[in-house]
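Comments concern the structure below.
The values are calculated or read from the model by the stated rules, or taken from the named source; none is laboratory data. Because the structure is predicted, anything quoted here is derived from the model rather than measured. We place every Cβ from the backbone using ideal geometry, glycine too, and count neighbours over all the protein chains shown.
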Amino acid sequence: MFTNLSAGALGLSLDHPAAIDKAAEHGYGGVSPDLGHLRSLDSAAAVAEHGAAVRECGLEWGMAGLPIGLDAPAEEFRAQLVELPGALALLNGAGIGRVGTWLRPMHDELDHRQNWRLHLGRLALVAEILADAGMRLGLEYIGPKTFWSTERFPFIHSLRETRELIAETGASNVGLILDSYHWYTAGESAADLEGLTDADIVSVDINDARADRERDEQQDLDRRLPFDTGVIDLEGFLGAVHAAGYTGPVLVEPFMKELADKPVDEVLTDIAARLDRAVSAR
């Protein structure tokens, strides 16, 4: 696995070229792509040159966001689906092979079965388009009860259900975005991660949780930096990820607004050290 800088996930206002420079300067192994930046380039050759420049900096590409909402209204989903091949061509042209999205863990109108059928059909379709482009799709389940319990019908919010959905698609290019925060808030342990392989994992996020809240009281957008509180068993989590033989990006996504008030280089040095500890943990 490799350390990955996602400036957006840290809440830092770095544009994409600056994020690339900072990632190289601070010794990160990779950087998250920016589809918007790729769209601003004026040719396929410029996109390819951009990808080559990132590799020349000694960086790998992390995961891009999937530019389509799996639970979007039908008309919006169809419009996004039409645009998807063009977006994938840009990502592919830059050498990016991973995209990801999150699963909204509740719905006010669709019950679990109806929502499952909606996601299953759409996922199978999107996965096929991605496979034709040689790309992998990561799915992230959202664990906090304070989030999935806020609407009438809870939906997928655990590793087991996410794996079941992926299995039902029959797609070999769909895997997991594993986030230690969601793993913890879902009440899961290292044993739940046993048997996973590199083919099952598309990206990994590491975070810690507040020490003054019980598990079911944790808020999705109020996290702590990895290794800060020890509430989350990061050693167990990372040990399982290592045991899976995972080779992809590892990043931090803490949703801590105060990071944006600190000097950028101070934040990036701190996050790099935490990620280095994570990728070297056994």
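Of everything in the stretch 187-225 that's of a type in the set (K, R) and assigned to a loop (DSSP other than H, G, I, E, B), which residue is surrounded by the fewest Cβ atoms within 10 Å (Cβ to Cβ)? I'd like the intermediate steps shown before the answer.
At the first step, the residues of the stretch 187-225 found to be of a type in the set (K, R) are 210, 213, 215, 223-224.
Subset that is assigned to a loop (DSSP other than H, G, I, E, B): 210, 213, 223.
Numbers: R210: 15, R213: 13, R223: 26.
Checking each candidate, the answer is R213.
Name the pairs: first residue in the stretch 7-25 and outside any loop (DSSP other than H, G, I, E, B), second residue acidic (D, E), Cβ to Cβ under 7 Å, at least 6 apart or on different chains?
That search, which allows pairs on different chains as well, returns H16/D34.
Which residues, counting only those in the stretch 29-82, are of a type in the set (V, I, T) and under 30 Å from I156 (Cβ atoms)?
Start the filter on the stretch 29-82 by keeping residues that are of a type in the set (V, I, T), which leaves 31, 47, 54, 68, 82.
The answer is V31, I68, V82.
Quick check on my filter: what residues within the stretch 127-163 are over 19 Å from P85 (Cα atoms), of a type in the set (V, I, T) and assigned to a helix (DSSP H, G or I)?
Once the filter is applied, which keeps residues that are over 19 Å from P85 (Cα atoms), of a type in the set (V, I, T) and assigned to a helix (DSSP H, G or I), the stretch 127-163 yields T146, T162.
Might you check whether a residue that is of a type in the set (D, E, K, R) and in contact (Cβ under 8 Å) with a residue 40 or more places away in the chain occurs anywhere in the stretch 178-186? If you could, list the steps in order and put the result at the bottom.
We begin by selecting, within the stretch 178-186, every residue of a type in the set (D, E, K, R); these are 179.
Okay, now just the ones that are also in contact (Cβ under 8 Å) with a residue 40 or more places away in the chain, so 179.
Within the stretch 178-186 (the criterion being of a type in the set (D, E, K, R) and in contact (Cβ under 8 Å) with a residue 40 or more places away in the chain), the answer is yes, since at least one residue qualifies.
If you go through the stretch 87-103 one residue at a time, do you hit one that is out of contact with any Gly (no Cβ under 6 Å at 6 or more places or on another chain), free of Cβ contacts under 8 Å to residues at least 40 places away in the same chain, closer than 25 Å to D179 by Cα and loosely packed, with under 13 Cβ neighbours inside 10 Å?
At the first step, the residues of the stretch 87-103 found to be out of contact with any Gly (no Cβ under 6 Å at 6 or more places or on another chain) are 87-93, 96-99, 101-103.
Right, trim to free of Cβ contacts under 8 Å to residues at least 40 places away in the same chain and you get 97, 99, 101.
If we keep only those that are closer than 25 Å to D179 by Cα as well, we get 97, 99, 101.
Subset that is loosely packed, with under 13 Cβ neighbours inside 10 Å: none.
No: the stretch 87-103 contains no residue that is out of contact with any Gly (no Cβ under 6 Å at 6 or more places or on another chain), free of Cβ contacts under 8 Å to residues at least 40 places away in the same chain, closer than 25 Å to D179 by Cα and loosely packed, with under 13 Cβ neighbours inside 10 Å.
With respect to the numbered conditions (1) touching a residue at least 24 places away in the same chain (Cβ under 8 Å); (2) among the small types (G, A, S); (3) closer than 30 Å to D21 by Cα; (4) out of contact with any Gly (no Cβ under 8 Å at 6 or more places or on another chain), which one is the sole condition not fulfilled by S149?
Every listed condition holds for S149 apart from (3).
Just wondering, is there one or more residues in the stretch 51-67 that are under 15 Å from I129 (Cβ atoms), under 15 Å from the mean Cα position of the chain (by Cα) and in a strand (DSSP E or B)?
Within the stretch 51-67, the first condition is being under 15 Å from I129 (Cβ atoms), and the residues that meet it are 64, 66-67.
Restricting the remaining residues to those that are under 15 Å from the mean Cα position of the chain (by Cα) gives 64, 66-67.
Going one step further and asking which of them are in a strand (DSSP E or B), we end up with 64.
Within the stretch 51-67 (the criterion being under 15 Å from I129 (Cβ atoms), under 15 Å from the mean Cα position of the chain (by Cα) and in a strand (DSSP E or B)), the answer is yes, since at least one residue qualifies.
Somewhere in the stretch 41-50, is a residue farther than 19 Å from A272 by Cα and crowded, with 20+ Cβ neighbours inside 10 Å?
Here is the first cut: in the stretch 41-50, the ones farther than 19 Å from A272 by Cα are 41-50.
Remaining after also requiring crowded, with 20+ Cβ neighbours inside 10 Å: 47, 50.
Among the residues of the stretch 41-50, at least one is farther than 19 Å from A272 by Cα and crowded, with 20+ Cβ neighbours inside 10 Å, which makes the answer yes.
Please give the number of the condition D42 fails out of (1) among the acidic types (D, E); (2) more than 30 Å from A240 (Cα to Cα); (3) modelled with pLDDT of 95 or more.
D42 satisfies all of (1) among the acidic types (D, E); (2) more than 30 Å from A240 (Cα to Cα); (3) modelled with pLDDT of 95 or more except (3).
Restricting the search to the stretch 241-282, which residues are out of contact with any Phe, Trp or Tyr (no Cβ under 9 Å at 6 or more places or on another chain), surrounded by 14 or more Cβ atoms within 10 Å (Cβ to Cβ) and among the small types (G, A, S)?
Residues satisfying the conditions are A243, A244, A273, A281.
For the stretch 270-282, which residues satisfy the criterion of being of a type outside the set (A, V, I, L, M), touching a Gly at 6+ places or on another chain (Cβ under 9 Å) and not in a loop (DSSP other than H, G, I, E, B)? Quick ask: steps written out before the conclusion?
Residues of the stretch 270-282 of a type outside the set (A, V, I, L, M): 270, 274, 276-277, 280, 282.
Restricting the remaining residues to those that are touching a Gly at 6+ places or on another chain (Cβ under 9 Å) gives 276, 282.
Result: D276, single match.
Mind listing whichever residues of the stretch 231-269 are out of contact with any helix residue (DSSP H, G or I) (no Cβ under 6 Å at 6 or more places or on another chain), in a helix (DSSP H, G or I) and farther than 23 Å from L221 by Cβ?
Correct list: E235, G239, V241, H242, A243, D265, T269.
Here is a yes/no grid of residues against (1) under 28 Å from P73 (Cβ atoms); (2) under 19 Å from the mean Cα position of the chain (by Cα):
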site	(1), (2)
R113	yes, no
L123	yes, yes
A133	yes, no
T150	yes, no
E168	yes, no
I177	yes, yes
S189	no, no
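Being buried (at least 20 other Cβ atoms within 10 Å of the Cβ) and farther than 19 Å from D179 by Cα is the filter here, so list the residues in the stretch 136-169 that pass it.
T169 - this is the single residue of the stretch 136-169 that is buried (at least 20 other Cβ atoms within 10 Å of the Cβ) and farther than 19 Å from D179 by Cα.
Give the number of residues within the stretch 164-184 that are of a type in the set (G, A, S) and assigned to a helix (DSSP H, G or I). Step through it out loud before you land on a result.
Step one: list which residues in the stretch 164-184 are of a type in the set (G, A, S), which gives 167, 170-172, 175, 180.
Narrowing the set further to residues that are assigned to a helix (DSSP H, G or I) leaves 167, 180.
Counting residues in the stretch 164-184 that are of a type in the set (G, A, S) and assigned to a helix (DSSP H, G or I) gives 2.
Mind telling me which of the residues A272, A244, A209 ends up being closer than 25 Å to E194 by Cβ, among the small types (G, A, S) and in contact (Cβ under 8 Å) with a residue 40 or more places away in the chain? Lay out the reasoning, then the answer.
Values: A272 fails: closer than 25 Å to E194 by Cβ; A209 fails: in contact (Cβ under 8 Å) with a residue 40 or more places away in the chain.
Being closer than 25 Å to E194 by Cβ, among the small types (G, A, S) and in contact (Cβ under 8 Å) with a residue 40 or more places away in the chain holds for just one of A272, A244, A209, which is A244.
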